[in-house]
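Here is the structure we will look at.
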4 protein chains.
Amino acid sequence: MSQSLIDHRGPQFAQLLKEVLAGLQRVFQTSTGEVILNPGSGTGAWESCVVNTLSPGDRVLGCVNGHFSARFCDTASAHGIEVQRLEVPYGAAVSADLVETQLRADTQRQLKAVLVLHNETSTGVVTDIAAIRRALDRADHPALLLVDVVSSLASMDFRFDEWRVDVALTGPQKGLMLPPGMAILAVSPKALKANQSARCARYFWDWAPVFERNARGEFPYTPATALIFGLKESLAMLEEEGLTNVFSRHARLAEACRRAVKAAGLQLLTRRSEEFSNTLTAVCMPEGFDSDAYLAHAERTLELPLGPGLGEVKGKIFRIGHLGSLNELELLGALAGVEMTLTSFGVPIPLGAGLAAAETYLLQTAPGGLGHGR
Amino acid sequence: MSQSLIDHRGPQFAQLLKEVLAGLQRVFQTSTGEVILNPGSGTGAWESCVVNTLSPGDRVLGCVNGHFSARFCDTASAHGIEVQRLEVPYGAAVSADLVETQLRADTQRQLKAVLVLHNETSTGVVTDIAAIRRALDRADHPALLLVDVVSSLASMDFRFDEWRVDVALTGPQKGLMLPPGMAILAVSPKALKANQSARCARYFWDWAPVFERNARGEFPYTPATALIFGLKESLAMLEEEGLTNVFSRHARLAEACRRAVKAAGLQLLTRRSEEFSNTLTAVCMPEGFDSDAYLAHAERTLELPLGPGLGEVKGKIFRIGHLGSLNELELLGALAGVEMTLTSFGVPIPLGAGLAAAETYLLQTAPGGLGHGR
Amino acid sequence: MSQSLIDHRGPQFAQLLKEVLAGLQRVFQTSTGEVILNPGSGTGAWESCVVNTLSPGDRVLGCVNGHFSARFCDTASAHGIEVQRLEVPYGAAVSADLVETQLRADTQRQLKAVLVLHNETSTGVVTDIAAIRRALDRADHPALLLVDVVSSLASMDFRFDEWRVDVALTGPQKGLMLPPGMAILAVSPKALKANQSARCARYFWDWAPVFERNARGEFPYTPATALIFGLKESLAMLEEEGLTNVFSRHARLAEACRRAVKAAGLQLLTRRSEEFSNTLTAVCMPEGFDSDAYLAHAERTLELPLGPGLGEVKGKIFRIGHLGSLNELELLGALAGVEMTLTSFGVPIPLGAGLAAAETYLLQTAPGGLGHGR
Amino acid sequence: MSQSLIDHRGPQFAQLLKEVLAGLQRVFQTSTGEVILNPGSGTGAWESCVVNTLSPGDRVLGCVNGHFSARFCDTASAHGIEVQRLEVPYGAAVSADLVETQLRADTQRQLKAVLVLHNETSTGVVTDIAAIRRALDRADHPALLLVDVVSSLASMDFRFDEWRVDVALTGPQKGLMLPPGMAILAVSPKALKANQSARCARYFWDWAPVFERNARGEFPYTPATALIFGLKESLAMLEEEGLTNVFSRHARLAEACRRAVKAAGLQLLTRRSEEFSNTLTAVCMPEGFDSDAYLAHAERTLELPLGPGLGEVKGKIFRIGHLGSLNELELLGALAGVEMTLTSFGVPIPLGAGLAAAETYLLQTAPGGLGHGR
């Protein structure tokens, strides 16, 4: 029998769904927010967020500090939202002070929402969402706080309730360590209220039937069942390690990566240490070299999967990802690959220097001291 | 390294994508249509179809002969399209004559599209899309022909080019035998042209960037990579068996199922034999019994996965799916389960009679005669 | 790094091994017996049993009631053991009375062991091991009781401790629901003592180093790690269902199968109902038909996996297996396949009659009555 | 239906077996040798080799240069074979000259076989089997040449036919990249002839029924089907890369590993460069440190899987495996792990120096020059 025809409607699926939604709430660090799962992607999650909370003609403050934050704003524009863009240079975080200034200037309270990325995946920059929340509070502004946590959730500390975020959105393929194919959102009571008056056209993304059917363990559409099964496993892995340990592990590996980059004589795109991302590191390609050509070389010679520069920094940077289930040896193997491929690409760097710096830092910070246990 | 960060951007993925798109074209039986893959679902495929070809305020002819065709029309309505509904009783196919009448009546050529389901999954009824095309032709009407093939593609003969369909849409979880999580569309040149002037708001579903990036082996969003890998396998399986053989197998198993139902003294929802679906069979619950209660009983006692009645026929029918990789023994096992659970639910049917009828038919029609080879 | 070089020597593997050995003890229903795992097969398990407990020139009583019991005896003969064969017709169980007679006749106590199969896989006959034990006791004979439980363990009630079995041997591919590739033995203290004086040449199969290394969570040879991981899963499945429920399920499905066979007008090889196997049913091929030719036909036309007649009953019977994770619908599907392929092979049987008999019995015995829950 | 009951007896399995046996012949580089597959292990392969070619009381020349070669000889001893041991220090290869001397001294031609390891897994030493063959030829001695290729086949060049080996034996878990659980042997016509007169007791391991049943696509015992399916895949991988390329890759990675070890100021156990193994490297633990304690530390702190010293070198060496599907980045990650764990264990080594040496060598020898393609 075609299991697929109905296997997302049985009592076992209902139980699974309940567990997965509760587990995701713990990862979002929320008890008041509701979680929504859609087949989709991060782009789909932007669309779900925008069409469910806003109406054509609405005005929002869009914080842009990289390629993906620009596209989040583009999503809103595509749905008839007027986006007042607060542009920040690539490699910098969004300044809470500037956000506050713009909110204070909005004396008519026309801005319905602030759109911001917790972690700009294109530049490896983390924005202080707690500070953005304080900016909203200080300006006493009622705008919704809509936060992309695609490359931060389950890797860096993100607190939905404490920071009073209204919508946080992500996919399964980063910190949740699954294949892509889903939009995952946490939604505050305030966002749910906004949903009722939001007039953007929507059918597939509409939250209302999802909540109604989820309550019965069902979906109004055919869910991405394989990923929902996968979520059960990845949530169990995160809970076994402990969220705090997961965050520490990412912080430690990220710092090791940055030390390796600096010891190799290369420059980080991000300048301020408090804005360093713990999930990926953007490295400036030395003068005279094109990073896209370098990436093709690294892929061809060592199958090394690095991320390209996007938008304004296309050809100028490359990105090293260090998130998910990564361990020390995998990071060091990848850093060795960067050393080797940069060398064979013609960039003069000292072989082994970056690795030594990373090893030294990892040894100094080994959990439990030198003879660190797991 | 986080493979997932970029593994959908390498040269191997580009090659895979190319093969999968070409394979799907063969399954859609099209050489002129382009294929689009989105993370999503059948509902998402409706939305993709509607927002990419129509504009708010447009009028369309929506053919409604069951629960899913009604929801296809709802999708259009949600996006501000005015849907002129051509309602047909549950259990019947859409009459091409009625379509022709309505199109002829539209002397102003205001109807921009005809929305129709090849196979109504809620009732097990197939509509003759070739006849609908002839109706459009006879009425000399320029409307787009938008066809849902969710529960027919790769199971029943569907000819995108020959029937000059403009959009055909489906998901991976039926005839393509994969887990759900994707919207799959074939798009004609005429639909592509309509896309350029369609003004429905869209970002995630927008076709234009997909075609642009697909040409480079990429996607404008993170694709559902696991399903794209899966498609390669399921396309290979379909090609190995041969589409014609796949269609014959479904037709043969479906007829065996119907004979079993009739031999058990039960009634089919679909009355006209030319409208029988080869992918699922809707069975009328005998007077005095509620089909929802029966399904819960069948699930609880034998984990038998049957489909419920939806919409108007809720509680009145149940549905037996027989599509995908199903073979004779699995069908007979499922039919035995139906016999047993109906009996234990209190419906008086003769045990074994339906099975004997199905077996007899399957033996009579065995490929290669009585000693049928595979 | 080549994980395989040493991954069976770490602390995680030691913990896994401990759990698996304890779980298998529960399945053997023993607290005094030790469990030994070897890469191998049932044939390998015979060899392990023989070379570890006996010496060339020893005499044993070999109970032969089918193909596999004959081969168990052949294993002993190949190692220089003199086998006094107690032959019983194919289709019958081993008579405890005859065993007692032979043991009593052995006034010199020359017989070192009794070799017997709990379930003769070639004929579908179960022998009452408790009765064999009583025969040994009544004869006051010190022979070891060596029992093949290949096709009974974890499907039919087998009590290592209560029946004072000395060696019980099996593989992973039947009741334990795994791929083949292992010899699994439970060994009593008495067998361990015999091991010390047994002089059959052995190195790979030698128990002594296994016990020594197992105590440290290791093996003296490279173990079949994948199967050991698999055992953890299958033991968890058995414990979740409960051994008693597993036995009941097998008994119920087996009786349904036998009723189907009889209702089809066919004859069982086993005549006495107390000797019916609950894991497989041997069916006599009607006069004038060759069962090997029928099996080839069934495999070719419906990919129906039936077992052939072996040894004396080659060409005369076929075997239907019903063990492991089988459920009602899978059994009924298989029985439908038998009905269809017998018919297309030319054997005149009434289609559906066997299925109706099986369905009727399954309904009558449904756990929890007619509306049986799981 | 219990597939496992018979799925190793169908026509599909017969075809699979034929392909796998032919593929293994290519890997053994033989057209005259026959391949035998048994559930088992390397230890089982020794037993299969010994009991099928020799008789109790026979005398053989056993070349011992490490832990595993000693155990190969132990296997023979356990079966009543008299083993004349040619002992060579741990870390050295077997000298063909010494073999020749001993063979010449055997004027009565009492030595029935020479037992030797191509690659001593406990010390990382390769013996020149072609030279051993020449020693046999020069001494004009008829002894069988029985060679353990457990840790060399499919990683280092081994030529069954050219070197006129009589039995070569291995398992699936090294160069064939599968889980353990099998004994794999290639057998020359001369060994087959010896088999007919060999009188060691055997049943499970007996070659005669294997050849008889393999000819019909069957086995006399239940085969390890999962591994046979796996072999099809690993053979395809080896053929895609090409055996010559596989050997070159292993040689290159092994040399990189050795250079890293030396650059770290550590000493290799193997002294002569022509005796270096390309599948694993044995490293001497610096004075004052116990390698077993170090391995426990490396496992605990970084889950680094290193091999221990065995036999005479217990506590004195550790082994780095570099065989199978290993690539540059995995090797470098592992070497980084060795640097870090040695440091945290208190061994004074310069961090990064070994890695730099390995990187430099890998860059110099990159296939296709600096910008090396795959």
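Within the stretch B:63-106, the set of residues being in a loop (DSSP other than H, G, I, E, B) and within 14 Å of chain A (Cβ to nearest Cβ) comprises B:79, B:80, B:81.
Every condition in (1) under 23 Å from residue C:367 (Cα atoms); (2) surrounded by 23 or more Cβ atoms within 10 Å (Cβ to Cβ) holds for residue B:307 except the one numbered (1).
Residue by residue, here is whether (1) touching a Pro at 6+ places or on another chain (Cβ under 7 Å); (2) more than 30 Å from residue A:300 (Cβ to Cβ) holds:
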| position | (1), (2) |
| --- | --- |
| D:295 | yes, yes |
| D:300 | no, yes |
| D:317 | no, yes |
| D:320 | no, no |
| D:327 | no, no |
| D:331 | no, no |
| D:337 | no, no |
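Just wondering, is there one or more residues in the stretch B:283-300 that are free of Cβ contacts under 8 Å to residues at least 40 places away in the same chain, farther than 21 Å from residue B:348 by Cα and of a type outside the set (Val, Ile, Thr)? There is no residue in the stretch B:283-300 that is free of Cβ contacts under 8 Å to residues at least 40 places away in the same chain, farther than 21 Å from residue B:348 by Cα and of a type outside the set (Val, Ile, Thr). Out of D:50, D:116, one residue alone is closer than 17 Å to residue D:147 by Cα, more than 14 Å from chain C (Cβ to nearest Cβ) and either among the hydrophobic types (A, V, I, L, M, F, W, C) or within 17 Å of the chain's Cα centre (by Cα) (or both). It is D:116. Filter the stretch C:321-352 down to residues that are small (Gly, Ala, Ser) and more than 29 Å from residue C:152 (Cα to Cα) and give me whichever is farthest from the other protein chains (Cβ to nearest Cβ). Here the residue is C:346. Looking at C:145, C:153, C:117, just one residue is at pLDDT 95 or above, aliphatic (A, V, I, L, M) and touching a Leu at 6+ places or on another chain (Cβ under 7 Å), and that residue is C:145. Those residues that are within 16 Å of residue C:54 (Cβ to Cβ) and surrounded by 24 or more Cβ atoms within 10 Å (Cβ to Cβ), I need them from the stretch C:176-200; list them, please. Answer for the stretch C:176-200, where residues must be within 16 Å of residue C:54 (Cβ to Cβ) and surrounded by 24 or more Cβ atoms within 10 Å (Cβ to Cβ): C:185, C:187, C:191. Residues in the stretch D:215-227 that are facing another protein chain (nearest Cβ under 10 Å) and more than 20 Å from the chain's Cα centre (by Cα): D:219, D:220, D:221, D:222, D:223, D:224, D:225, D:226.
Can you find a residue in the stretch A:364-371 that is more than 23 Å from residue A:69 (Cβ to Cβ), among the hydrophobic types (A, V, I, L, M, F, W, C), in contact (Cβ under 8 Å) with a residue 24 or more places away in the chain and within 10 Å of chain D (Cβ to nearest Cβ)? Looking through the stretch A:364-371, none of the residues is more than 23 Å from residue A:69 (Cβ to Cβ), among the hydrophobic types (A, V, I, L, M, F, W, C), in contact (Cβ under 8 Å) with a residue 24 or more places away in the chain and within 10 Å of chain D (Cβ to nearest Cβ). Considered as a group, the residues in the stretch D:10-26 that are in contact with an Asp or Glu (Cβ under 9 Å, 6 or more places away or on another chain) and under 22 Å from residue D:180 (Cα atoms) include one that is nearest to the other protein chains (Cβ to nearest Cβ), and that residue is D:13. Residues of the stretch C:156-175 that are surrounded by 24 or more Cβ atoms within 10 Å (Cβ to Cβ) and more than 10 Å from chain D (Cβ to nearest Cβ): C:158, C:160, C:165, C:166, C:167, C:168, C:169, C:170.
Annotation note: of C:176, C:169, C:253, the sole residue that is assigned to a strand (DSSP E or B), in contact with a helix residue (DSSP H, G or I) (Cβ under 8 Å, 6 or more places away or on another chain) and within 30 Å of residue C:309 (Cα to Cα) is C:169.
Report yes if residue D:359 is facing chain A (nearest Cβ under 10 Å) and in contact with an Asp or Glu (Cβ under 7 Å, 6 or more places away or on another chain), otherwise no. Against the criterion (facing chain A (nearest Cβ under 10 Å) and in contact with an Asp or Glu (Cβ under 7 Å, 6 or more places away or on another chain)), residue D:359 qualifies.
The residue that is surrounded by the most Cβ atoms within 10 Å (Cβ to Cβ), among those in the stretch A:73-122 that are acidic (Asp, Glu) and under 30 Å from residue A:285 (Cα atoms), is A:120.
Tally time: how many residues in the stretch B:186-214 are in contact (Cβ under 8 Å) with a residue 12 or more places away in the chain, within 12 Å of chain A (Cβ to nearest Cβ), of a type outside the set (Val, Ile, Thr) and part of a helix (DSSP H, G or I)? Adding up the residues that qualify gives 1. Against the conditions (1) buried (at least 20 other Cβ atoms within 10 Å of the Cβ); (2) free of Cβ contacts under 8 Å to residues at least 40 places away in the same chain; (3) on the phi > 0 side of the Ramachandran plot, residue D:57 satisfies every one except (1). Evaluation of residue D:219 against the conditions (1) under 28 Å from residue C:72 (Cα atoms); (2) buried (at least 23 other Cβ atoms within 10 Å of the Cβ); (3) at pLDDT 95 or above shows that the sole unmet condition is (3).
Note on the stretch A:339-353: residues that are closer than 17 Å to residue A:296 by Cβ and either among the hydroxyl-bearing types (Ser, Thr, Tyr) or surrounded by fewer than 23 Cβ atoms within 10 Å (Cβ to Cβ) (or both) amount to 6.
Among the residues of the stretch D:228-250, which ones are more than 21 Å from the chain's Cα centre (by Cα) and either outside any helix (DSSP H, G or I) or at pLDDT 95 or above (or both)? Across the stretch D:228-250, the qualifying residue is only D:240.
Given the options D:134, D:109, name the one that is of a type in the set (D, E, K, R) and either under 18 Å from the mean Cα position of the chain (by Cα) or in a loop (DSSP other than H, G, I, E, B) (or both). The unique qualifying residue is D:109. Per the conditions (1) on the phi > 0 side of the Ramachandran plot; (2) part of a helix (DSSP H, G or I), the sole criterion not satisfied by residue C:265 is (2). Remark: pairs (first residue in the stretch A:126-151, without any contact (Cβ under 8 Å) to a residue 12 or more places away in the chain; second residue not acidic (Asp, Glu); Cβ separation under 9 Å; 6+ apart in sequence or on different chains) = A:137/A:164; A:140/A:103; A:140/A:104. None of D:299, D:339 is among the acidic types (Asp, Glu), assigned to a helix (DSSP H, G or I) and over 12 Å from residue A:332 (Cβ atoms) except D:299. State whether one or more residues within the stretch C:274-287 are over 30 Å from residue C:20 (Cβ atoms), among the acidic types (Asp, Glu) and under 23 Å from the mean Cα position of the chain (by Cα). Yes, the conditions are met somewhere in the stretch C:274-287.
The values are calculated or read from the model by the stated rules, or taken from the named source; none is laboratory data. If you're wondering where the values come from, they're calculated on a predicted model, not measured in any experiment. Here the Cβ is made from the backbone with ideal geometry for all residues, glycine too, and neighbour counts use every protein chain on show.
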